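Please read the structure below before turning to the comments.
The values are calculated or read from the model by the stated rules, or taken from the named source; none is laboratory data. All values reported here derive from a predicted model rather than from experimental measurement. Cβ placement follows ideal geometry from the backbone for every residue including glycine, while neighbour counts extend to all protein chains displayed. Note: accessible area is taken over every heavy atom of the protein model, side chains too, but ligands, DNA and RNA are not part of it. Shrake-Rupley method; radii C 1.70, N 1.55, O 1.52, S 1.80 Å.
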Amino acid sequence: MAQLVKGQTGDWEIVIGMEVHAQVTANSKLFSGASAEFGAAPNSQVSMVDAAMPGMLPVLNEHCVYQAVRTGLGLNSAINKTSVFERKNYFYPDLPQGYQISQYLHPVVGEGKIEIDLPDGTTKEIGITRLHLEQDAGKSLHDQHPTKSYVDLNRSGCALMEIVSEPDIRGPDEAAAYLSKLRMILRYLGTCDGNMEEGSMRADVNISVRKPGGELGTRAEIKNVNSVKAVQQAIDFEVQRQIEILEGGGTVVQETRLWDPGKMETRSMRSKEEAHDYRYFPDPDLLPLVLTQDYIDNVANDLPELPDQKKHRFMEEYGLSLYDASVLIAEQQRAEYFETVTDGRDAKIAANWVINELLGLLNKNGKDLSGSPISAAQLGGLIDLIADNTISGKIAKDVFAEMFETSKDAPAIVEEKGLKQVTDTGEIEKVIDAVLDANPDNVAAYKGGKDKLFGFFVGQVMKETGGKANPAMVNEILKKKLT
Amino acid sequence: MDEATVRKVARLARLKVTDEEVSRLVPQLGNIMQFVEQLGELDTDNVEPLASVANIDLRLREDDVTDGGMADQVLANAPESMEDFFVVPKVVE
């Protein structure tokens with residue numbers, strides 16, 4: 001679903017590659033034993049290694065390696081048995097070492113791919129270029145003092161995975177779908193919590209435009225895009241900016257630009273231009289990281305069922321549409337809930353109740369599935385009552401609303417409120433006779449050809465029975481009586 | 001080695017060098033480069049890069065919290081601090 005953008009000189013194609021920094025879920029930092037937890041008092045989670053005191057040596061956290069390999073396998077990527085940590089040299093007050101330990105020429109994870117789900121119901125493959133491990137920097141606060149910056153090194157040294165995509169992304173929708181799927185995979189794997197608000201997942205977006213199928217244009221790298229929505233907005237702005245420059249006869253400058261969510265624009269970060277000479281070299285404090293095939297196989301054996309595998313299984317095993325399957329696999333918990341509901345029941349009906357009724361109502365009430373007043377077993381119980389004709393689909397919705405309010409079981413509510421469907425032919429006939437007797441004019445009109453009145457009679461019967469009469473039986477008996 | 005390169009390297013390392021120092025450093029650094037470049041005479045086509053002279057593997061640690069909780073010590077050498085933050089000249093434009 002390539003989105004072309006109309007300019008004054010014809011269509012333009014958008015070309016996007018993304019670099020996502022994902023904080024590795026771990027107790028301690030990449031190279032030190034200080035805690036990696038979010039939100040602690042300033043500088044309370046800083047070791048002498050993180051503070052870059054002279055003589056301190058980094059020691060690699062084995063769990064961070066495990067998490068990176070696990071993520072690489074989850075991204076269908078090649079794992080490199082030998083990878084090398086290098087120093088990326090630059091100066092900034094929240095980087096006490098004067099260099100970031102990162103991976104450059106030899107990342108731990110190589111090429112792979114993921115499948116993204118687009119709004120028009122199609123899927124697309126996006127290539128993964130690489131994933132490497134690196135240290136996070138500290139945090140600078142610039143708004144606390146007129147002439148000073150405040151630095152907290154708690155985040156300094158926390159493990160990050162930088163995940164780089166191929167320039168396969170063709171527009172804001174694809175970018176949003178890529179980011180969502182990546183976050184979903186990381187959450188399934190438990191390797192990053194994917195929380196963009198807390199900064200544990202951050203995206204840099206490389207954007208260029210070109211004439212469809214033509215030579216690649218010069219790209220700008222957009223930083224500070226901290227939500228899926230911001231990514232879309234930043235792309236929309238940047239694409240227009242570049243098209244205007246090119247159509248005005250200018251050239252796009254390769255540079256780093258900052259997304260300003262307040263002004264809804266990107267602007268040049270001039271200070272960064274000179275700094276792009278990082279002089280990478282292998283960190284002499286660290287030997288190459290060597291992984292055995294056994295190790296990689298063991299990590300592979302630990303993998304959960306991944307979102308796309310689950311999606312395809314839901315479509316094959318349960319006959320669900322791509323859309324329904326995509327909604328259900330968006331969270332592991334949601335998929336589990338659905339599978340409990342559908343166990344021994346019709347999958348399409350179960351999917352419909354979970355997606356359209358339950359998720360809709362939860363959303364309306366600002367709740368998520370973990371706060372659902374209706375358990376999966378309870379929702380299954382409700383569906384059973386419809387399946388065995390105890391209640392009609394219409395009554396079921398009322399029972400569902402009551403369950404949502406009270407967390408009671410469906411059979412208890414049906415019993416309590418006397419909502420059991422009337423399937424006794426004699427009883428339904430009695431009500432129908434009464435309705436027909438009470439409306440002789442309409443009966444005459446119907447018989448005279450006003451077919452539409454049939455609905456009126458059904459409505460009256462349902463009203464008389466409080467909605468409890470079996471609709472199919474009402475239809476059948478009415479038809480018989482009116483001919 | 002020329003003056004421009006010396007100035008660039010100095011700037012990247014945040015070293016302030018005077019014009020006089022630059023002209024003294026050009027031949028000095030040039031000599032060092034020439035010395036190192038002698039290694040280029042060796043044929044290393046089929047030689048694996050050597051990461052360490054010691055025959056050992058990279059040591060890994062378990063993911064346990066064993067360090068931190070000493071903001072006072074971390075900040076002890078800071079020229080300026082406030083409420084357990086490092087305080088530095090403003091670095092944002």
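Please check the range B:67-82 for residues whose accessible area, probe 1.4 Å, is lower by 10 Å² or more when all protein chains are in place than in their chain alone.
B:67, B:68, B:69, B:70, B:71, B:73, B:74, B:77, B:80, B:82
Got a number for carbon plus sulfur as a percent of chain B's accessible area, 1.4 Å probe?
Roughly 53 percent, rounded to a whole number.
Would you calculate the separation in nanometres between label points at residue A:247 and residue A:316, each defined as 7 Å from the Cα along the Cα-to-beta-carbon direction?
4.7 nm
If you take the beta carbon distance between residue A:384 and residue A:425 as r and set R0 to 22 Å, what does 1/(1 + (r/R0)^6) give as a FRET efficiency, to the nearest 0.05?
Calculated value: 0.40.
What percentage of the solvent-accessible surface of the range A:337-420, computed with a 1.4 Å probe over protein heavy atoms, is contributed by carbon and sulfur atoms?
The computed percentage sits at 46.
Over chain B, what relative contact order in percent results from Cα pairs under 8 Å that are six or more residues apart?
Reported as a whole number, the value is 16 percent.
Return the loop-located GluC sites (Glu not before Pro) in the range A:193-244 (DSSP other than H, G, I, E, B) with at most 16 other Cβ atoms within 10 Å of their own Cβ; answer none if there are none.
A:197, A:198, A:215
For A:245, A:428, give me the order by solvent-accessible area with a 1.4 Å probe, most accessible first, ignoring ligands, DNA and RNA.
A:245, A:428
Tell me the label-point distance for the pair residue B:60, residue A:340, using the 7 Å Cα-to-Cβ offset, in nm and rounded to one decimal.
Modelled inter-label distance: 3.5 nm.
Per residue, what accessible area does the range A:425-482 have, given a 1.4 Å probe and all protein chains present, in Å²?
It amounts to 58 Å² per residue over the range A:425-482.
If r is the Cβ-Cβ distance from residue A:297 to residue A:480 and R0 is 60 Å, what FRET efficiency results, to the nearest 0.05?
For residue A:297 and residue A:480, the calculated efficiency is 0.30.
Just flag the chymotrypsin sites (Phe, Trp or Tyr not before Pro) in the range A:1-80 sitting in loop per DSSP whose Cβ has no more than 16 other Cβ atoms within 10 Å.
Counting only loop positions with at most 16 other Cβ atoms within 10 Å, the chymotrypsin sites (Phe, Trp or Tyr not before Pro) in the range A:1-80 are A:38.
Chain pair B, A: how much accessible area is buried, both chains summed, with a 1.4 Å probe, in Å² to 100?
3700 Å²
Tell me, what % of the accessible area of the range A:69-108 is carbon and sulfur with a 1.4 angstrom probe?
50 percent
Work out which residues of the range A:287-304 lose at minimum 30 square angstrom of accessible surface when the other protein chains are put back, relative to the chain isolated, with a 1.4 angstrom probe, and list them by number.
Buried by the other chains: A:287, A:288.
Say each of residue A:416 and residue A:6 gets a label point 7 Å from the Cα, pointing the same way as Cα to Cβ; how far apart are those two points in nm?
Simple spin-label model gives 5.8 nm for this pair.
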